[in-house]
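Trainee: The structure follows.
The values are calculated or read from the model by the stated rules, or taken from the named source; none is laboratory data. Predicted, not measured: the structure shown is a model, and the values here were computed from it. Backbone-built Cβ (ideal geometry, glycine too); neighbour counts: all protein chains shown. SASA here: full protein model, heavy atoms, side chains in, ligands and nucleic acids out. Shrake-Rupley method; radii C 1.70, N 1.55, O 1.52, S 1.80 Å.
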Amino acid sequence: MTDDEAIALAIAEAKAAALRGEVPVGAVLTKDGEMVAKSGNRIVEWHDPTAHAEMLVIREAARRLNNERLVGTVLYVSLEPCAMCAGAIAMARIDRVVFATCDPKGGAVMHGAKFFEQPTCHHHPIVEQKGNAEIASALLRDFFRARRT
């Protein structure tokens with residue numbers, strides 16, 4: 001699976017999350033180019049504030065790979081991860097994080113806390129913004145616009 005294919009799949013998961021009434025964020029985790037887990041947000045559905053797409057794929061991948069350390073994996077996300085998810089990414093030792101669009105308000109990778117740049121962060125994955133930022137941004141814009149009207 002290429003980066004473009006994985007980020008497109010993460011965006012598809014975000015679209016599915018929106019259809020469930022969730023904030024449209026999707027994630028995919030791969031190892032050796034093969035998909036290990038995919039999900040979209042399920043916060044509302046599960047009444048769980050930690051059910052972010054990233055957290056769900058990290059949990060599923062750890063189960064499937066039978067290891068809490070996800071060394072050699074890549075996490076693809078439609079939106080820049082928040083501080084909670086960045087912490088989980090570091091604890092899981094994910095090698096690389098690729099996200100489609102920035103989150104200047106709630107993101108903690110390129111914005112806000114810049115989690116991986118902190119001296120207290122013991123793991124620093126490679127981080128890249130890649131993929132169709134406009135589609136991922138439009139999903140979020142449309143979702144929140146519909147809730148304000």
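Trainee: Which shape class, rounded, prolate or oblate, goes with the stretch 40-145 when its Cα gyration tensor gives a ≥ b ≥ c as root eigenvalues, a/c under 1.5 marks rounded, and past that a/b bigger than b/c marks prolate?
Mentor: oblate
Trainee: Taking θ as phi - 60°, what are the ³J(HN,Hα) couplings along the stretch 109-121 by the Karplus curve (6.51, -1.76, 1.60), each to the nearest whole Hz, with x for Gly and Pro?
Mentor: 9, 9, 10, x, 5, 6, 3, 6, 8, 6, x, 7, 7
Trainee: Please report, in debye to the nearest 20, how large the charge dipole of the stretch 21-110 is about its Cα centre when each Lys and Arg carries +1 at its beta carbon and each Asp and Glu carries -1 there.
Mentor: The calculation lands at about 200 debye.
Trainee: Give a quick list of trypsin sites (Lys or Arg not before Pro) in the stretch 1-60 that DSSP marks as loop, anything other than H, G, I, E or B, with at most 16 other Cβ atoms within 10 Å.
Mentor: Those satisfying the criteria are R20.
Trainee: Now for a separate question. Using the Kyte-Doolittle scale, which helices in the chain average at least 0.5 and also have C-alpha atoms spread 20 Å or more along the helix axis, with helices defined as whole DSSP H runs?
Mentor: Both cut-offs are met by 3-19.
Trainee: Please work out the average accessible area per residue across the chain, using the 1.4 Å probe convention, and give it in Å².
Mentor: It amounts to 50 Å² per residue over the chain.
Trainee: Can you give me the long-range amide H partners of G26? Hydrogens built in the peptide plane at 1.01 Å from N, cutoff under 5 Å, separation of 5 or more residues or another chain.
Mentor: Counting only residues 5 or more places away or on other chains, the set is A14, S78, L79.
Trainee: Among the trypsin sites (Lys or Arg not before Pro) in the stretch 69-149, which ones are in a DSSP loop with at most 11 other Cβ atoms within 10 Å of the Cβ? Mind listing them?
Mentor: Those that pass, being in a loop and sparsely packed, are K105.
Trainee: Round to a whole number: what % of the accessible area of the chain belongs to carbon and sulfur, probe 1.4 Å?
Mentor: 56 percent
Trainee: Could you compute how much accessible surface H52 exposes when probed at 1.4 Å, giving the result in Å² to the nearest 10?
Mentor: 40 Å²
Trainee: Express the relative contact order of the stretch 12-149 as a whole percentage, based on alpha carbon pairs under 8 Å and six or more residues apart in sequence.
Mentor: With pairs under 8 Å counted, the relative contact order is 19 percent.
Trainee: Please report the spacing between the Cα centers of the stretch 94-116 and the stretch 1-52 in Å, no decimals.
Mentor: 16 Å
Trainee: Another question, if that's okay. Calculate the FRET efficiency for H122 and T50 from the Cβ-Cβ distance with a Förster distance of 35 Å, rounded to the nearest 0.05.
Mentor: That gives a FRET efficiency of 0.95.
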